[in-house]
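A short reminder: the numbers here are calculations on the coordinates, not readings from a lab. Just so it is clear, the structure is predicted and the values come from calculations on it, not from any experiment. We place every Cβ from the backbone using ideal geometry, glycine too, and count neighbours over all the protein chains shown.
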Amino acid sequence: MTSRNGGTAVLPGSYDPVTLGHLDIIGRASEVFEKVIVGVVDLPIRKAKTVFGAEERVRFIESEIAELGNVQVIPFGNLLVDFARENGAKAIVKGLRAISDFEYEFEMNQLNRKMAPDIESMYLMAAPEFSFLSSSGVKELATFGGDLTGLVPPAVASRLQEALKR
Ligand code: PNS
């Protein structure tokens, strides 16, 4: 086992649904940090409605990370920096795919930094094989019966096809 740097990191997201790209970032963060908390946004009043409820989104992730001993999945509906504090996290970790992610993340970074300068946001670059992959892209494919192999875990693919297929 590699030695970890210590500390807790929060990996926030909607995870609607979790993709193999998310799972790659979670696995890599779990090699670096002592403890990783995957924070699943649970905001029923959010403008963009999710396909899956928070409980199911949490379960999808839990069943994929079962062998990682230092990862916990927790739903949250408050400010990300407050959630990070409640869990004793000193870092927020996010995955970055392309330049298009940068602008949004840059803004979030400034806002979060202003509220909580003591919590550092850190970014892991997506592995090349996942740099095109997004939950919204996967949902689009599922809606039109596309093949989800290699994009999401098989259990997620079948639930997604069931939920979205026309
Ligand atoms: O793109 P996503 O996956 O929906 O991102 C969700 C999240 C929480 C990572 C993003 O909205 C963010 O960085 N928000 C920071 C501001 C905040 O705390 N919002 C409340 C979230 S419950």
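How much space per residue, in cubic angstrom, does the convex hull of the C-alpha atoms of the range 70-166 take up?
Taking the convex hull of the Cα positions in the range 70-166, it is 139 Å³ per residue.
Positive end of the charge dipole of the chain (Lys, Arg +1 and Asp, Glu -1 on Cβ, about the Cα centre): tell me which of Ile37, Phe83, Val73 has its Cα farthest that way.
With unit charges placed on the Cβ atoms, the residue in question is Phe83.
What percent do you get for the relative contact order of the chain when only Cα pairs under 8 Å and 6+ apart count?
27
At 222 nm, what value in deg cm²/dmol follows for the chain if DSSP H runs of at least 4 each add -39500 (n - 2.57) and the sum is divided by all its residues, to the nearest 500?
Taken over the chain, the calculation gives -12500 deg cm²/dmol.
With charges set only on the Cβ (+1 for Lys and Arg, -1 for Asp and Glu), what does the dipole of the range 1-121 come to about its Cα centre, in debye to the nearest 20?
In debye, rounded to 20, the range 1-121 gives about 220.
Binning every alpha carbon pair distance of the chain at 5 Å from zero, what are the percents per bin?
Reading upward from the zero bin: 1, 8, 18, 20, 22, 17, 8, 3, 1, 0.
From Cα pairs below 8 angstrom and at least 6 apart in sequence, can you work out the relative contact order of the range 83-166, rounded to a whole percent?
This gives 27 percent for the range 83-166.
Based on the mean of other Cβ atoms within 10 Å per residue, sort peptides 38-45, 139-146, 90-97 so the most packed one is first.
In descending order of packing, they fall as 90-97, 38-45, 139-146.
Scan the range 88-137 for GluC sites (Glu not before Pro) in coil per DSSP, keeping those whose Cβ has at most 12 other Cβ atoms within 10 Å, and list them by number.
Nothing satisfies the criteria.
Using a Förster distance of 30 angstrom, determine the FRET efficiency expected from the C-beta separation of Asp101 and Glu140, and round it to 0.05.
Numbers: r = 18 Å, r/R0 = 0.59.
In this case the efficiency is close to 0.95.
Could you grab the Rg to Rh ratio for the range 1-87? Cα atoms only, Kirkwood for Rh. The partial results should precede the final answer.
Working: Rg = 12.9 Å, Rh = 13.3 Å.
Value, to two decimals: 0.97.
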